[in-house]
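Accompanying notes for the structure given below.
The values are calculated or read from the model by the stated rules, or taken from the named source; none is laboratory data. Note that this is a predicted model, so its numbers are computed, not measured. For neighbour counting, all protein chains shown are included, and Cβ atoms are generated from backbone atoms with ideal geometry for every residue, glycine included. Please note that ligands, DNA and RNA were not included when accessible areas were found on the heavy atoms of the full protein model with its side chains. Shrake-Rupley method; radii C 1.70, N 1.55, O 1.52, S 1.80 Å.
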Amino acid sequence: MEELKKQKKDFENNNLTNNKNNKADYLIIGNSAAGLAAASAIRSIDKKGKILVITNEEYKNYSKPLITYFIAGKVKLENIYFKNEQFYEDNNILLFNNINIKKIDFKKKLAFSDNNLNFTYKKLLFANGGTPIIPEIQVVEDNKLINKSENEDKIINSINSKAKIKKEDNSKFNFNNTLNSNNYKEISGIFTLTSLTDAINIKKYIEENKIKEAVILGGGLIGLKSAEALLEIGIKINIIELADRLLSATFDKNASLIIENQLKNNSSKIYTKNTINKIFIKNDKLIGNKLIGVELSNKEIIKSNLLIIAIGVIPDLRIIKESEKLNKKVPNYGKGIYTDKYMKTSIVDIYAAGDVVENYDLLSGNNANIAIWPLAVKQGEVAGMNMAGISMEYNGGYFMNSIEILGIPSISIGFANLNKGDKDKIEVIYDFKPEKNFYKKIVISEEKIIGVILVGNIDRAGIYNGLIKNKVNIAEIKENLVKENFGIIQLPIDYRKHLVIGDGIEV
Amino acid sequence: MKKIYIKEEYCIACRLCEIYCQVEHSKSKKILKAFKKEKDILSRVLVEEVGYNSFAIQCRHCEDAPCVEACISGAMQKNKNTGIVTCDESKCVGCWMCIMACPYGVIKRDLSEKKIASKCDLCSDEEYPVCVKNCPNEALQFKE
């Protein structure tokens, strides 16, 4: 431990004096699923090489998907770490927190941070994940809304609000009247929820302000995960979604309906085909700018002191884009950084893994950015092995996720929202019992499963996943797929024998 | 490592493996007490039966365990020395990613107290897994 600290100190000093002899063998940007899977893989092969992990966050490591469970009180801070305290020491990994890599000189193999600490490397991994999208929304200062609405119904009609907005045109609001990714943190009560820091701030804010009701902008996975957490701690929620239903990217109409009904039955409000037009804030000398409500595109006003912006996350390409000014060539990118099956980018010795990547989608055959935990771990491991000189291939992945809303578990895998007639040769088998909060849907293309939705009962979900992954021909077992007792015993005989009689260790 | 091997042709679906598994994973570990006083004890071995076909299946303790890769809380771990995949109940948050990932479908939701994933632990306290020990027809075998 002491030795590591000394090494780190030495390293920092050397770096500040630009001692080029002090070179990282492996520089990993990102301290989450992909980054640490890569670090582990590298260390399993290369026992001596110097591994540096750099993160712009303040925490040692934590599981990102657990941050909503932390808000819900299901995970304590001391349990949110997915690698134990000793991980860095045990694997001789140097961790640098609170450091923003700004740009990279790919020719000199030099990474510049924003605090004069520069890093040289032999091999570099981008594992820096995604960044939340902040929509531009008009911000209106309105000290009266809160007082007025406190005495009245919480929904104020639009005529009143219009009158107020005129009044504020000469207010001293200093946000240029538009919310964006640079200024949203300056209004207390407006949050994104993609980091542990966000989660801690939200939890603290909820407690300090005794929040009873919240607005969530975005009815996708992050929005619903946020909703899941807030509902657990008794906060009423309003979900604002642009599409005509919740989870529109991963669910179909039937599945969305079950979740929506469950939310509505528990006094949550869902505003589909809607967005936020205006954000109302109060300016207070003591607390600064504070959120007091929002106006939707249907002109309805919701009074709330908490807004979680959850409309999506995109690969964080800020370093790459900044590096374009410095280099003739940067790693090729589209929506995310492109990689080959070895997780190599288009620039030699530069690798990428996790949510920042756009690569092979096993189901569509095209490139896709599939930002989910299990794929980040897998990609990180593959990247690490190849960085350490062991050839290993990433076979591609596909989308899947599990979410539980108010006691209803659900899982969606692959192209789950396709319906018959959407594309040629799409076949759908389903069992829909909305009154029992139950839905099972299998999407089939050319006798192979390409999508699954399970709502209400998710037992044995992984069997479908295995059928998808192994591209098993299910022609002979179609009628069994949505049966209640569906199991391995109904699978095509060859695949079943492989699972049951085979020595059972290969997947 | 020693694993449980399934002999499909010997299984007669007597389900004794399920019963002994439930008893082993009950609090009292006594068959009558467990069935009378403890509710919702899950069997971690699962007998599948259609017509005359049947077999018992439990966690395969995979080399590259998909449940471990999918686990977001670090609860699901494969022990490097024993090879046994276990779920640390204190860390499990019941997100069900493991259920989504397991191609054998042998992880269950345990809702009896705090929501957690329930799976075969190979009865690591015992010399033999109880399902193997109590199978009257040797349809389950425990060997290297």
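Decide, for segment B:62-119, between rounded, prolate and oblate: order the square roots of the alpha carbon gyration tensor eigenvalues as a ≥ b ≥ c, take rounded if a/c falls under 1.5, and otherwise choose prolate if a/b is larger than b/c, else oblate. It comes out prolate by the Cα gyration axes. Distance between the modelled labels on A:Asp424 and A:Thr197, one decimal in nanometres: 5.1 nm (7 Å Cα→Cβ projection).
Here the sum of -39500 (n - 2.57) over DSSP H runs of 4 or more residues, divided by the residues of chain A, equals -8000 deg cm²/dmol at 222 nm, to the nearest 500. Assign one of three labels to chain B, namely rounded, prolate or oblate, based on the Cα gyration tensor with a ≥ b ≥ c the square roots of its eigenvalues; rounded applies when a/c is under 1.5, prolate when it is not and a/b is larger than b/c, and oblate otherwise. Note, shape of chain B comes out oblate.
Accessible-area rank, largest first, for A:Met392, B:Met76: A:Met392, B:Met76, with all protein chains present and a 1.4 angstrom probe. In this view, the solvent-accessible surface of B:Met1, computed with a 1.4 Å probe and all protein chains in place, comes to about 70 Å².
Which log10 I(q)/I(0) values does segment A:320-425 give at q = 0.12 Å⁻¹ under the Debye formula, counting every alpha carbon as one identical point scatterer? Listed by q, the Debye log ratios stand at -0.51. With only Cα atoms counted, segment A:396-458 has Rg and Dmax values of 12.2, 38 Å. Test of understanding: extend the Cα→C-beta vector of A:Asn470 to 7 Å, then name every residue of segment B:97-116 with backbone N under 17 Å from that spot. Once the point is set 7 Å along Cα→Cβ of A:Asn470, B:100-107 turn out to lie under 17 Å by backbone N, inside segment B:97-116. With the simple spin-label model, which puts each label point 7 Å out from Cα in the Cβ direction, the B:Ser90 to A:Lys328 separation comes to 5.8 nm.
Secondary structure note: in chain A, about 60% of the DSSP beta bridges are antiparallel. Partner shielding of A:493-499 amounts to 2, given as the average count of beta-carbon atoms from other chains within 10 Å of each residue beta-carbon. On a per residue basis, the convex hull of the C-alpha atoms belonging to chain A measures out at 177 Å³. What FRET efficiency do you get for A:Asn116 and A:Glu446 if R0 is 45 Å and r is their Cβ-Cβ distance, rounded to the nearest 0.05? The calculated FRET efficiency here is 0.20.
Note on A:404-410: average number of Cβ atoms from other chains within 10 Å of each residue's Cβ is 2. Applying the Kirkwood pairwise sum to the alpha-carbon positions of segment A:263-305 produces a hydrodynamic radius of 11.7 angstrom. Which of rounded, prolate or oblate describes segment A:412-507 when judged by the alpha-carbon gyration tensor and an a/c cut-off of 1.5? Oblate is the answer for segment A:412-507, as a/c is 1.5 or above yet b/c matches or exceeds a/b. Quick one: compute the contact order of chain A, relative version, from alpha carbon pairs under 8 angstrom and 6+ residues apart, as a percent. In percent, rounded to a whole number, it is 14.
A probe of 1.4 angstrom, applied to the heavy atoms of all protein chains, finds A:Thr250 with accessible area near 20 square angstrom. Accessible area ranking (1.4 Å probe, heavy atoms, ligands and nucleic acids excluded), largest first, for B:Trp96, A:Trp373: A:Trp373, B:Trp96.
Counting heavy atoms of the protein chains alone, B:Cys59 has an accessible area of about 10 Å² for a 1.4 Å probe. Checking the cross-link pairs A:Lys236/A:Lys303; A:Lys60/A:Lys185; A:Lys253/A:Lys420 against a 19 Å limit on the alpha carbon distance flags A:Lys60/A:Lys185 as lying beyond it. Using the Cβ-Cβ distance between A:Asn180 and A:Lys108 with R0 = 45 Å, the FRET efficiency computed as 1/(1 + (r/R0)^6) comes to roughly 0.85.
The spacing between segment A:356-378 and segment B:93-134, judged by their C-alpha centroids, is 28 Å. Extension gain for A:Ala243 to A:Glu136 (0.36 nm times residue separation, less C-alpha to C-alpha distance): 36.7 nm.
For the pair A:Lys433 and B:Glu9, a Förster radius of 45 Å applied to the C-beta separation gives a FRET efficiency near 0.75, rounded to the nearest 0.05. Residue ranking by accessible heavy-atom surface, 1.4 Å probe, largest first, among A:Phe106, A:Phe112 comes out as A:Phe112, A:Phe106. Considering only B:Met100, B:Leu32, B:Gln141, and ranking their Cα positions along the charge dipole of chain B that arises from unit charges at the beta-carbon of Lys, Arg, Asp and Glu, the one farthest toward the positive end is B:Leu32.
In segment A:283-360, the convex hull through the Cα atoms has an average projected area of 9.5 nm², a quarter of its surface area.
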